[in-house]
Amino acid sequence: MTRRSHRERRVANTIEQLPWRDVVNPYGPTKVISDEQVERIIDGAFSVLEKQGMRFLEPGSRKQLARDGADVNEDTLMVRFDRNLVREKLALAPEEFGLQARNPEHNLHVGGNHVIFASVGGPAFCNDLDKGRRPGSYAEMCDYLRLIQSLNIVHQEGGGAFEAMDLPAETRHLDLYLAQHRLTDKNCQSYALGRQRTIDSIEMACIALQTDRARLMSDPALLAI
């Protein structure tokens with residue numbers, strides 16, 4: 001005798017889901033700490049930036065920061081920031097902005113009460129129920145991008161799920177960008193590890209969106225960690 005399974009068989013393309021939509025939170029933020037505690041956290045962050053600073057390895061970044069008024073030590077590569085300088089630069093950031101997608105229906109609105117669900121970016125391994133944890137490959141990364149495209153609740157691709165270990169480290173970011181633009185029409189994050197990878201992301205976004213750098217300045221499409 002064989003036991004009959006009471007589990008329903010899975011059939012491809014039968015996932016029930018709501019259509020794509022812009023998600024807006026109707027509720028205000030939950031206040032978990034007092035205003036005084038918030039100010040203490042901010043003051044602590046300012047103290048770290050002023051006294052300890054941050055190490056910047058890229059020479060062009062240090063030159064730009066020095067021009068903007070930061071204290072740059074070229075021997076240690078450490079950069080210290082006066083809190084007034086930080087406040088001045090933070091004031092330049094818009095409270096809300098948009099991000100283009102290859103499909104205009106998937107453009108994003110960032111800020112306010114808008115909620116964006118993005119896929120994970122940067123885990124060290126690929127993992128699933130069938131094969132377990134393992135180094136990722138380019139083919140598996142492409143399958144992951146197809147999954148992101150198929151799920152309406154995922155608004156944005158998060159900058160590469162995992163490294164395609166079967167591709168050369170120097171150029172695999174280009175293969176990621178190409179797969180992003182080919183396999184999903186949603187907004188995708190950049191793999192901003194270093195200047196050249198970031199420049200490549202900008203150039204390939206211009207090609208995919210049929211635009212140029214000047215228009216990206218006013219109508220952005222790229223976000224990076």
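The values are calculated or read from the model by the stated rules, or taken from the named source; none is laboratory data. Quick caveat: nothing in here was measured; it's all calculated off a predicted structure. Glycine gets a Cβ as well: all are built from the backbone with ideal geometry, and neighbour counts include every protein chain shown. Remember, those area values only see protein heavy atoms, side chains included, never the ligands or the DNA or RNA. Shrake-Rupley method; radii C 1.70, N 1.55, O 1.52, S 1.80 Å.
Structure notes:
- Residue within region 111-122 that is in contact with an Asp or Glu (Cβ under 9 Å, 6 or more places away or on another chain) and of a type in the set (Ser, Thr, Tyr) present: yes
- Meets criteria (farther than 27 Å from SER218 by Cβ and basic (Lys, Arg)) for ARG102: no
- Failed item in (1) within 17 Å of the chain's Cα centre (by Cα); (2) over 23 Å from ARG197 (Cα atoms); (3) without any contact (Cβ under 8 Å) to a residue 40 or more places away in the chain, with GLY160 passing the rest: (2)
- Each residue in region 173-192 was checked for being part of a helix (DSSP H, G or I), open to solvent by 40 Å² or more (accessible area, probe 1.4 Å) and in contact (Cβ under 8 Å) with a residue 12 or more places away in the chain, and 5 of them qualify.
- Checked against (1) farther than 30 Å from LYS51 by Cα; (2) touching a Gly at 6+ places or on another chain (Cβ under 6 Å); (3) open to solvent by less than 40 Å² (accessible area, probe 1.4 Å), GLY121 passes all but a single condition, namely (3).
- Residue, nearest to the chain's Cα centre (by Cα), within region 110-131, restricted to residues that are under 15 Å from GLU157 (Cα atoms) and part of a strand (DSSP E or B): ALA118
- Across region 133-167, the number of residues qualifying as in a loop (DSSP other than H, G, I, E, B) and in contact with a helix residue (DSSP H, G or I) (Cβ under 9 Å, 6 or more places away or on another chain) comes to 13.
- Which listed residue, of VAL48, VAL72, is aliphatic (A, V, I, L, M), open to solvent by less than 70 Å² (accessible area, probe 1.4 Å) and not in a loop (DSSP other than H, G, I, E, B): VAL72
- Single residue of VAL110, VAL79 found to be crowded, with 16+ Cβ neighbours inside 10 Å, touching a helix residue (DSSP H, G or I) at 6+ places or on another chain (Cβ under 9 Å) and not hydroxyl-bearing (Ser, Thr, Tyr): VAL79
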